[in-house]
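A short worksheet on the structure shown next.
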Amino acid sequence: MLVLAAAAGALIGLSLGALGGGGSILAVPVLVYLLGQSPAQATTGSLVVVAVSSLTGALAARRAGHVMLGRGLAFGAVAVGGAAVGAAASSKVPEDVLMAAFAVLMLVVGGVMARRQLRHRRERRTGVADPRSSARPRLDDPIITFSPTFACQCPRALKVLLTATAVGLLTGFLGVGGGFLVVPALLLALALPMEYAAGTSLVVITVTSLAALAVRGGTGVTPDWGPVLVLTVAAALAALGGARLAQRIPAARLQGAFTLLVLTVAAGTGAAALPALA
């Protein structure tokens, strides 16, 4: 069991370090189906895994100059409210429903990732690329500016508010980090390049995971700490390697492999959860 935990933790950490998110999508199924924990225990233990490995990856990305700390902390602060609400609601939902919801979430995430990659391939074939993917951010440009230009900033601020709240809710409710939402939000709402979005998302994931974990601490749900700690240490160490891996392997190749993995795990999770609901 501990060997399985170490191997799964390495995979989760590589995903978090290389792609800036997604590892938590794997943590809950691993804890439930490989390590024998209940869904309530798994969604709590997942927050420990994701918080520690995300923090480790964020420190590595910060040293590489790929983290915009102020924006990450601001986004995470907005998401804390949603994380608290989601964590409180999770304890009131039957565990079979929780796992079915998790399977649906994984299918949606995998589908969105696959669609995005197909679009990028078409852009490369036609030679028409999104100019935002190569634009460098202004480091002094705040999310919301209280000035005469505030009206122009409102649409972007609204996107950040809605996305951050959704990330917090998912983090608290399902024990996921929400990197699959944070990275697109930072790319689109704040116009960050991919390398900044991936690194900064790790700051957001750390903040929201710690907030949700604090709320869940009062619910009385305690995971089996042995496998969780092994999973956490392996993920944290692998997150360091993932950050370096992102600099050597094309992001499209990494994302393609991870999308296939997410869809495969989603199918297995759904196959196990849906019969219980019926």
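Here are the numbers for the structure shown:
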| read-out | value |
| --- | --- |
| Residues of the stretch 167-182 classified as modelled with pLDDT under 80, crowded, with 24+ Cβ neighbours inside 10 Å and not small (G, A, S), total | 3 |
| Test for F146: is it of a type in the set (F, W, Y) and modelled with pLDDT of 70 or more | no |
| Residue in the stretch 54-65 that is modelled with pLDDT under 80 and closer than 16 Å to A273 by Cβ present | no |
| Verdict on L26 being modelled with pLDDT of 85 or more and under 12 Å from the mean Cα position of the chain (by Cα) | no |
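Residue by residue, here is whether (1) of a type in the set (K, R); (2) surrounded by fewer than 23 Cβ atoms within 10 Å (Cβ to Cβ); (3) touching a residue at least 12 places away in the same chain (Cβ under 8 Å); (4) in a loop (DSSP other than H, G, I, E, B) holds:
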residue: G36; (1), (2), (3), (4): no, yes, yes, yes
residue: A51; (1), (2), (3), (4): no, no, yes, no
residue: V78; (1), (2), (3), (4): no, yes, yes, no
residue: G86; (1), (2), (3), (4): no, no, yes, no
residue: A89; (1), (2), (3), (4): no, yes, yes, no
residue: D96; (1), (2), (3), (4): no, yes, yes, no
residue: V112; (1), (2), (3), (4): no, yes, yes, no
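The values are calculated or read from the model by the stated rules, or taken from the named source; none is laboratory data. On a predicted model such as this, the values are computed, not experimentally measured, just so you know. We place every Cβ from the backbone using ideal geometry, glycine too, and count neighbours over all the protein chains shown.
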